[in-house]
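Heads up: the structure comes next, in structure tokens.
No lab work stands behind these numbers, since they all come straight from the coordinates. Fair warning: this is a prediction, and the values are worked out from it, not measured in the lab. Neighbour counts are summed over all protein chains in view; Cβ atoms, including those assigned to glycine, are modelled from backbone coordinates with ideal geometry.
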Amino acid sequence: MSVVEDFLTHQEEQEIIEAIRIAEKNTSGEIRVHIENHNNGNSETRALEVFHYLKMDNTKLQNAILIYVAVKDKCFAIYGDKGINDVVSNDFWDATKNIIVHQFKLGNFKQGLIDGILSAGKQLEAHFPWHHHDEDELPNEISKG
Ligand code: CA
Ligand code: CA
């Protein structure tokens with residue numbers, strides 16, 4: 001992998017933002033992507049930090065998901081808020097993680113993120129269906145560290 005600045009082209013970023021928009025059409029849950037160079041040692045711990053830093057713990061149903069990528073350290077993590085973890089099993093994210101890993105190993109970072117976002121959206125849909133009056137509580141733009 002390269003550095004954050006070269007990780008995705010502008011066009012690829014737009015496609016990822018579009019995938020988030022599509023995923024959120026079917027669920028009240030919120031999905032965000034954060035990319036940075038280094039995870040300070042542990043992607044899971046760092047993803048949790050970023051989750052709070054981005055105020056993703058402020059959703060009404062506590063149903064936000066962060067897909068975190070440390071570009072130079074070549075790893076990623078998925079963090080879901082309390083509302084999700086209260087209702088799903090521990091292996092809930094395995095399918096989504098595997099989908100992302102599959103594409104990342106091929107060097108297809110954009111596709112890995114898009115597939116991961118759509119998979120996470122599908123997972124969310126079952127527990128947090130979209131409803132009228134649903135708001136876009138968190139921006140769909142990619143966050144960069
Ligand atoms: Ca929403
Ligand atoms: Ca959103």
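Quick one: 21, 32, fewest Cβ neighbours within 10 Å first, how do they rank?
By the 10 Å Cβ count, ascending: 21, 32.
Out of 85, 128, 116, whose Cα points farthest toward the positive end of the dipole of segment 64-136 (charges: +1 Lys, Arg; -1 Asp, Glu; placed on Cβ)?
Most positive-ward Cα: 116.
So what's the angle, to the nearest 10 degrees on a 0 to 90 scale, between helix 43-53 and the longest Cα principal axis of the chain?
So the helix axis and the longest Cα principal axis differ by about 60 degrees.
Does anyone have the angle between helix 10-24 and the longest principal axis of the chain? Alpha-carbon axes, 0 to 90°, nearest 10?
Between the helix axis and the principal axis of the chain, the angle is about 20 degrees.
Kindly work out what percent of the DSSP beta bridges joining two residues of the chain are antiparallel, to the nearest 5.
45
Could you work out the Kirkwood radius for segment 7-145, taking every pair of different alpha carbons, averaging 1/r and inverting it, reported in Å?
After inverting the pairwise mean of 1/r, the radius is 14.8 Å.
222 nm [θ] for the chain, helices only, -39500 (n - 2.57) per DSSP H run of 4+, per residue, to 500?
-13500 deg cm²/dmol
Relative to the first principal axis of the alpha-carbon coordinates of the chain, what is the inclination of helix 94-105, with its axis defined by its Cα atoms, in degrees from 0 to 90 and to the nearest 10?
20
Treating each Cα of segment 25-94 as an identical point scatterer and ignoring solvent, apply the Debye formula and state log10 I(q)/I(0) at q = 0.18, 0.19, 0.21 Å⁻¹.
-0.66, -0.73, -0.87
Can you give the percent of C-alpha pairs in segment 52-127 whose distance is more than 17 Å?
44
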